[in-house]
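Asks: There's a structure below that I have some questions on.
The values are calculated or read from the model by the stated rules, or taken from the named source; none is laboratory data. Given the structure is predicted, the values throughout are model-derived calculations rather than measurements. Please note: Cβ atoms are built from the backbone with ideal geometry, for glycine as well, and neighbour counts cover all protein chains shown.
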Amino acid sequence: MRFLESLDRPSQGEILHREQDITKLKGEALRRSRQNIQIMAFAAGSSWGTFAICMPLALPLAFAFTGNELTILVVAVFAAVAGGGVFGDHCSPLSDTTILSSTVASCDHPDHVKTQLPYALAGYLLVGLAI
């Protein structure tokens, strides 16, 4: 928090200008960041590990960009990190929950991953791209 307090507080006009810039860039930038987080979570197989790495990086950056104000950008960055981490964890064959659920269901692990991936991708396409 000391990092956020040490930043210069922008004027109201600078905040409005930043908000206009954010509205122009937020859609594409958030999609790209969410995709990068999903790839990281998929490779790591851990949503909590992804949260632990990405939240301390992404949230201070979002707060700094919005002048330490809680705006829609900060909420969207939080949602992108959380959604990307959970998606990557759900789809990753390395995830502990995927391994545990295939073991409990007594099915072959690669078969379980193949059957779960279409549902996760369909949900991502319906919800993730619609936002």
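Asks: Counting only residues that are within 19 Å of the chain's Cα centre (by Cα) and charged (D, E, K, R), how many does region 67-105 have?
Replies: 1
Asks: From the residues in region 32-48 that are over 9 Å from the mean Cα position of the chain (by Cα) and surrounded by fewer than 15 Cβ atoms within 10 Å (Cβ to Cβ), which one is nearest to Phe87 (Cα to Cα)?
Replies: Applying the filter and picking the extreme gives Ile39.
Asks: Out of all the residues in region 97-131, which are closer than 23 Å to Ala80 by Cβ, exposed (fewer than 12 other Cβ atoms within 10 Å of the Cβ) and either among the acidic types (Asp, Glu) or at pLDDT below 85 (or both)?
Replies: Matches in region 97-131: Leu125, Leu126, Val127, Leu129, Ala130.
Asks: Could I ask something else about it? Is it fair to say Ile22 is surrounded by 15 or more Cβ atoms within 10 Å (Cβ to Cβ) and at pLDDT below 75?
Replies: Yes; evaluated as a whole, the condition is true for this residue.
Asks: Residues of region 57-71 being farther than 13 Å from Ile37 by Cβ and in contact (Cβ under 8 Å) with a residue 24 or more places away in the chain, which ones?
Replies: Passing the criteria: Pro60, Phe63, Ala64, Phe65, Thr66, Gly67, Asn68, Glu69, Thr71.
Asks: Can you report the number of residues in region 76-117 which are part of a helix (DSSP H, G or I) and under 21 Å from Ile37 (Cβ atoms)?
Replies: Number of matching residues: 22.
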